[in-house]
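Engineer: Below you'll find the structure I mean.
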Amino acid sequence: MKDPEFETDGKSEGGILSTEQADQIREAARVRQANYRARKDREKAKRHAEADARNETPHHYWSVNRSAANQTRIAELQERQEYVSNLLRTMSDAMTGAVSPDLLFLDEVDADVKTDVAEHGICEMEVYLLEFWKRPEMISELTLNEATKVFVKYGIVTAVPGHRLHAWQTWLSQVKS
């Protein structure tokens, strides 16, 4: 049973907001929050664009290099990257248990990893920490293998990253012992 003392007609009574007024306040707050987020997103996009213009991001550096390169070569490198990505996904699935090691035939996966490393070397992605895109002249001072050179120049991973190889070898030795 409703208490007539607390029933409202949708209008404010005695300092209490009506449902309509509360909805209006909530809607205004939602709009303010959406506007705030949109403004922050625009500011972030502007900062990224300015950083790209100053060549402060590796993505801009890589984009410029890829667009200036032979596109057939870039397509070949990206195809190679897809193979490496699939191999890394298989390694990760085994290590995380996403797929049963019995189903993956670990010896075959390990043989694939070893063959790939023997043919293509490893990509030392840690070179990223040197922020080479800010000082391209330093690249010539570095001693890099071919896969790492490709990563530095184009941002394309064409060999198993060294840290992932180490994680794989460590995990595999634990599983086999």
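Engineer: Which is the longest stretch in the chain that no exposed loop site breaks, taking sites as trypsin sites (Lys or Arg not before Pro) with a DSSP loop state and at most 16 other Cβ atoms within 10 Å?
Structural biologist: Maximal segment without exposed cleavage sites: 55-177.
Engineer: Can you give me the Kirkwood hydrodynamic radius for the stretch 129-177, using every pair of distinct Cα atoms, in Å to one decimal?
Structural biologist: Averaging 1/r across every pair of different Cα atoms and inverting gives 12.7 Å.
Engineer: Now for a different question. Starting from the Cα gyration tensor of the chain, take the square roots of the eigenvalues, sort them a ≥ b ≥ c, and report rounded, prolate or oblate (rounded when a/c is under 1.5, otherwise prolate if a/b is larger than b/c, else oblate).
Structural biologist: oblate
Engineer: Once you have the Cα-Cα distance between S140 and T72, take 0.36 nm times their residue separation minus that, and quote the gain in nm to one decimal.
Structural biologist: The S140-T72 span can extend by a further 22.0 nm.
Engineer: Give a residue-ordered list of calculated ³J(HN,Hα) values for the stretch 134-144 (Karplus: 6.51 cos²θ - 1.76 cosθ + 1.60, θ = phi - 60°; whole Hz; x for Gly, Pro).
Structural biologist: 7, 9, x, 5, 6, 4, 5, 7, 7, 9, 10
Engineer: Taking the Cβ of V99 as the center, what net charge do the other residues with Cβ under 14 Å away carry, scoring Lys and Arg +1 and Asp and Glu -1?
Structural biologist: Within the 14 Å Cβ shell, the charges total -2.
Engineer: Per DSSP helix of 4 or more residues, -39500 (n - 2.57); summed, then divided by the residues of the chain. What does that give at 222 nm, rounded to the nearest 500? Let's see the in-between values first.
Structural biologist: Numbers: 7 runs with 115 residues, N = 177.
One gets -21500 deg cm²/dmol as the mean residue ellipticity at 222 nm.
Engineer: Moving to a separate point now. By the gyration tensor of its Cα atoms, with a ≥ b ≥ c the square roots of the eigenvalues, what is the shape of the stretch 71-176: rounded for a/c under 1.5, prolate for a/b over b/c, or oblate?
Structural biologist: Note, shape of the stretch 71-176 comes out prolate.
Engineer: Also: Below 24 Å Cα-Cα, how many Lys pairs turn up in the chain? Only count pairs eight or more apart in sequence, or on different chains, if you could.
Structural biologist: Going through the chain pair by pair, I get 7.
No lab work stands behind these numbers, since they all come straight from the coordinates. The structure displayed is predicted, hence computed values, not measured ones. Backbone-built Cβ (ideal geometry, glycine too); neighbour counts: all protein chains shown.
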